[in-house]
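Bear in mind these aren't lab numbers, they're just calculated from the coordinates by the rules spelled out. All values reported here derive from a predicted model rather than from experimental measurement. All Cβ positions, glycine included, derive from the backbone under ideal geometry; neighbour counts span all protein chains shown.
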Amino acid sequence: MAENLSVLVVDTATRRAIVALVRGGIVVAEAFHEQPTTHAERLVAMTTEVLERSGAGLESIDRLAIGMGPGSFTGVRVGMGFAKGLGFARGIGGVGVMSLEAMAYAARRIVGARRVFSLLDAKKGEVFVASFDGQGRRGLGPEHLARDRVQRWMDTVEPWGKRVVVGEVAEELDLRNVELIRDRSCDLPGAEAMAALAVARAASDDLALLEPLYVRPPDITQPAG
């Protein structure tokens, strides 16, 4: 049954890289790395650690939950490339999971069926934003906004009542009329939520077609003439 699948979670889209084995909705083993510039160098060791601690082999993995962004351009590419490589090499199906959706999913475990606004630091004075209704359906977003435009965007989406907001970056913003949920599970994308969203999908994505969700166009530097 789908709920008993063994899911290997790989996400390096944010400052906190995660590799985790989730079986039957329970995190069996998990490894973190919080130095974004060395996520790539740590992925193999993190995966080995998780498999050894869980007593599992890659042959026992039923599905990959792959962090597809948004997040840092390099981070998203690193994690997706690594996870897709595992999938191709071992014949494991994978599902791309959006960072902001995983955060909203985890928040609903805390606040119930309410609209959630997910915020993620996009650097350069901007924030990635998206809204999700009480059933997890995406409303507006994902998009990137200047920090001083986030309040106006939320006012447009939900003009009345307190808004449930998740994401560690929210504490750095001057937001009004919000209920800020601070919890490790939804400050950034978490393994349990990512695995649950991957399992909820009826079928895996075509890994050959799975692309990063950058939201903001990458910076392009023209070569010197």
* State the label only: which of (i) 134; (ii) 179; (iii) 163 corresponds to volume of the Cα convex hull per residue in Å³ computed from the shown model? => (i)
* Asked: What percent does the relative contact order of the range 164-210 come to when contacts are Cα pairs within less than 8 Å and at least six residues apart?
  -> 32 percent
* Asked: Where is the GNM fluctuation largest for the chain (alpha-carbon springs, 10 angstrom cutoff): Gly57, Gly87, Gly139?
  -> Gly57
* **Set of aspartates and glutamates near Lys124 by C-alpha distance (under 13 Å), chain-local residues within fewer than 8 positions excluded** => Asp148, Asp219
* **Residues of type aspartates and glutamates that Lys84 reaches as a straight line, Cα spacing below 16 Å, ignoring anything fewer than 8 places off in the same chain** => Asp11, Glu59, Asp62, Asp205, Asp206, Glu211
* Could you please rank Glu158, Glu211, Glu30, placing first whichever residue has the fewest other Cβ atoms within 10 Å of its Cβ? => Glu211, Glu158, Glu30
